[in-house]
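Here is the structure we will look at.
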Amino acid sequence: MSKMTVTVPDIGGAENVEIIEINVAVGDSLEAEQEILVLETDKATMEIPCPQAGTVAALLVSVGDKVSEGSAIIELETSAAATAAEESVLADTSGASLVETTADVTASTAEQVQAGMPDQAVAEQLIDLVVPDLGGASEVTVIELAVDKGASVDAEDSLIVLESDKASMDIPAPAAGIVTEFLINVGDKVKEGQVYARLKTSGADNSSPAAADAGTAVAKTAEQPAAQAAAPVSSLSSASAPALAPAIKSVQKADDAVDSHSVYAGPSSRRLARQLGVNLAKVKGTGVRGRVTKDDIRDYVKALVQQAESGAVAVSGGSGIPPIPAVDFAQFGEIDLQPMSKIKKVTAANMSRAWLNVPHVTQFDEADITDLDAFRASMKAEAEKAGVKLTPLPFLVKAAAKALQLEPSFNVSLHHDGEHIVHKHYVHIGIACDTPNGLMVPVLRDADKKGIYQIASEVNELIEKARNGKLKPNEMQGGCFTISSLGAIGGTGFTPIVNAPEVAILGVSRAQMKPVWNGTEFVPRNMLPLAVSYDHRAINGADCGRFFTTLVGLIADVRRLIL
Ligand code: CAO
């Protein structure tokens, strides 16, 4: 191991330039050409690359420091296997000479490779990269060089970004290789057919499918004698040059692209964002003057991945929905942050999914439960003796089961192929249950085949299991229709969310005595507010009208449940 001091190279004569971003930390392993830090003058930003591979032993500067050519920026530990050329570099700590020496090493290594491996040397080829068909635009502006000179690229990697008044275009590499030089600068105007860079290809089968012609050209050169292959770029025929122009990867003036380009970020951050498919406009910049750093992009992606993996609700976008902005609630008063339970996260994800996928309609009605309640009161003692707690719920379960049989258009699901409706010949009813861990929906099987006591007993058992975290997965599956009862809690009505893939849900609110007109006079009746939400893709309003009228009739006269 030996140590070297990396210094600021020639930065075009600029002095006392501010460091606005440091992209390495002590202990980081760096590759040659990997960006160390970013400088900014009042005219431009510059990324300072590492002249050779090594490990960062010390950071000698901080963000905000002002540096000039020759200022020491990091101590780099290089491997003992450093070449003689590298060692000579250690003697001269000028950044500019570091870069030059590294270039020499590359050249000499290339020569050795050519001498020792003739086939590969023959295959190596320097090709002109030309601006492709611009879709009618005569001149476009270079807005970004997506890689640095000397970078190794794969076929299809973005090399430059062009922008006309209508579109921005990523120009990808037609083949893998090393970008030996750029013949253009950011801000230049370029035309179709203009050579913008030179690429040294290895000649291996590495061309992009989008540049099949280019690949052929490269392969053809590989069969040529070494001398010919080593011919200067200018000797490439003009006929072959256009063949090396790759297809434009993306031609668009999407809002995203426009927004991304107006974001304050350096080329390497932009490159990373492009590689990860991140719209820079959505990333909060934490760098100097709000500049978006690579870490900001990584944090953004990490947060999205964590959110997706946890099944958490999309508080920040998804499906093209504008995100709800993050708020620092602590600025308004004291807060504490508690993790959501697994069940709450799953419920949140399920609710969002159902809310976003299902076109909901909610219809309201009231059922007269005066007689049901009188009957229930008269049976309560007997039920208790039988070990059953008799609330209105088992009657509602039984009535819903019967209504599903009488109006089978409700006992369906949409098939995932989008072409069929699944008609169910079983009646399983889900019961929304409030538990300490969140909302759970155990399912009572074959409710149509069971009596009120059995329903009450099994529902109570399921509720207890739900509250004790003892429900098995199969006890929460297969529901045809859900009942969500807030009757014991209060409220005069609510609009429940369909528990997809079911197509309807019943919301039960608190019953109350009301004056009801019986044709000749107002009489006090115990009225139960009900709401049915349904999936309008599967159920029409008229179907719901029929189902709801049937259901309300059954609840109002529970004798009909045994018919
Ligand atoms: N109107 C008036 N009183 C009602 C009533 C109603 N609609 N529904 C129940 N009650 C009464 C019961 O009769 C009982 O009183 P008595 O002991 O005097 O008979 C009392 O309220 C308590 O009932 P309960 O809550 O113990 O039992 P339940 O069968 O009514 O409800 C359950 C069970 C699991 C549905 C309920 O406990 C629960 O968790 N509800 C919340 C569901 C939920 O969170 N839904 C929202 C989901 S988002 O759509």
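The values are calculated or read from the model by the stated rules, or taken from the named source; none is laboratory data. This structure is a prediction, so every number in the text was calculated from the model and none was measured. With ideal geometry, Cβ positions are generated from the backbone for all residues, glycine too; neighbour counts draw on all protein chains shown.
Listed values, structure above:
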{"item": "Complete set of residues in region 513-536 that are polar (S, T, N, Q) and within 13 Å of the ligand (Cβ to nearest atom)", "result": "Asn526, Ser533"}
{"item": "Residues (closer than 24 Å to Thr492 by Cα and aliphatic (A, V, I, L, M)) located in region 355-375", "result": "Val361, Ala367, Ile369, Leu372, Ala374"}
{"item": "Of all residues making up region 424-456, the number that are under 18 Å from Ala383 (Cα atoms) and more than 12 Å from the ligand (Cβ to nearest atom)", "result": "5"}
{"item": "Top-ranked residue in region 425-457 [being over 33 Å from the mean Cα position of the chain (by Cα) and hydroxyl-bearing (Ser, Thr, Tyr); ranked as surrounded by the fewest Cβ atoms within 10 Å (Cβ to Cβ)]", "result": "Tyr426"}
{"item": "Region 398-424, subset assigned to a helix (DSSP H, G or I) and charged (D, E, K, R), residue surrounded by the most Cβ atoms within 10 Å (Cβ to Cβ)", "result": "Lys398"}
{"item": "Any hit, region 239-248, residues being at pLDDT below 70, of a type in the set (A, V, I, L, M) and assigned to a helix (DSSP H, G or I)", "result": "yes"}
{"item": "Selected residue [of a type outside the set (Asp, Glu), outside any loop (DSSP other than H, G, I, E, B) and in contact (Cβ under 8 Å) with a residue 12 or more places away in the chain] from Lys389, Lys344, Lys380", "result": "Lys344"}
{"item": "Filtered residues of region 138-184 (kept if surrounded by fewer than 18 Cβ atoms within 10 Å (Cβ to Cβ) and more than 22 Å from Cys50 (Cα to Cα))", "result": "Ser138, Glu139, Thr141, Ile143, Ser164, Asp165, Lys166, Leu183, Ile184"}
{"item": "Residue match in region 500-512 (condition: outside any strand (DSSP E or B), free of Cβ contacts under 8 Å to residues at least 24 places away in the same chain and more than 11 Å from the ligand (Cβ to nearest atom))", "result": "no"}
{"item": "Residue count, region 475-494 (criterion: near the ligand (Cβ under 9 Å from one of its atoms) and either surrounded by 14 or more Cβ atoms within 10 Å (Cβ to Cβ) or basic (Lys, Arg) (or both))", "result": "7"}
{"item": "Residue in region 457-474 that is within 14 Å of the ligand (Cβ to nearest atom), in the same structural domain as Val503 (by TED's automatic domain parsing), closer than 25 Å to Leu554 by Cα and part of a strand (DSSP E or B) present", "result": "no"}
